[in-house]
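The values are calculated or read from the model by the stated rules, or taken from the named source; none is laboratory data. Everything numeric here is computed off the predicted structure, so don't read it as measured data. Neighbour counts run over all protein chains shown; Cβ positions are idealised from the backbone, glycine included.
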C-alpha cells in the first residue's frame, strides 16, 4: 500500500474513533445539562425568596449551554443532528434541545419535536428516519444547516460556540 493511502486510512480511523468518543461525551452531557438547568432554576427560586429584587446571573441566555435559547426548534434540530453521524431518537433530541436552552410550556416537549421532525422537516426532505427509530440529516438537511450557520441571524442567536 502506498504511503499516502496508508496515511489517509490511519487518519480516517483516528477520525472515526474521535467522532465516536465525541458522540459518547455529548450523550453523557445531555442528562448533566438537564440537571444543571434544574439546579439553576431551584437556585433562582431560592434567590427570589431571599431577595425578591435580585436578578440571578444564571438568567443570562448567552451561556454556552443555552445555545438554542434564541432560535427555532427546526434550526436547533438541524444544528444538533449536524453534530452526530449516528442519528438521535426523538426523546434524545428533545432532551438535548431543552438542555441547550429551548423553552417550552408543553407537557411533553418530545411530541413537539416529533411534529417538527415528521411534519416540517421530513416534508422538506431535511431528515431521514432510520430503522432503529432515530433521525439523521439528509444531504438536503446538511446543506440547509451549512447555509443557516453562516447567516447573521444564526450567528447572533447562537454565539461563537455554534461550532
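For the reader, a short list of remarks on this structure follows.
- When residue 154 is tested against (1) under 13 Å from residue 74 (Cα atoms); (2) modelled with pLDDT of 90 or more; (3) crowded, with 16+ Cβ neighbours inside 10 Å, exactly one condition is not met: (2).
- Evaluating residue 119 against the criteria (1) modelled with pLDDT under 90; (2) assigned to a helix (DSSP H, G or I); (3) exposed (fewer than 11 other Cβ atoms within 10 Å of the Cβ) leaves one unmet condition, (1).
- Among the residues of the range 129-150, those that are free of Cβ contacts under 8 Å to residues at least 24 places away in the same chain, surrounded by 13 or more Cβ atoms within 10 Å (Cβ to Cβ) and not in a helix (DSSP H, G or I) comprise 129, 138.
- Filter result for residue 114 (under 16 Å from residue 80 (Cβ atoms), at pLDDT 90 or above and in contact with a helix residue (DSSP H, G or I) (Cβ under 6 Å, 6 or more places away or on another chain)): yes
- Counting only helices (runs of 4 or more DSSP H) wholly contained in the range 1-104, the ones carrying 2 or more residues that are modelled with pLDDT of 80 or more, touching a helix residue (DSSP H, G or I) at 6+ places or on another chain (Cβ under 8 Å) and surrounded by 13 or more Cβ atoms within 10 Å (Cβ to Cβ) occupy 73-82, 90-99.
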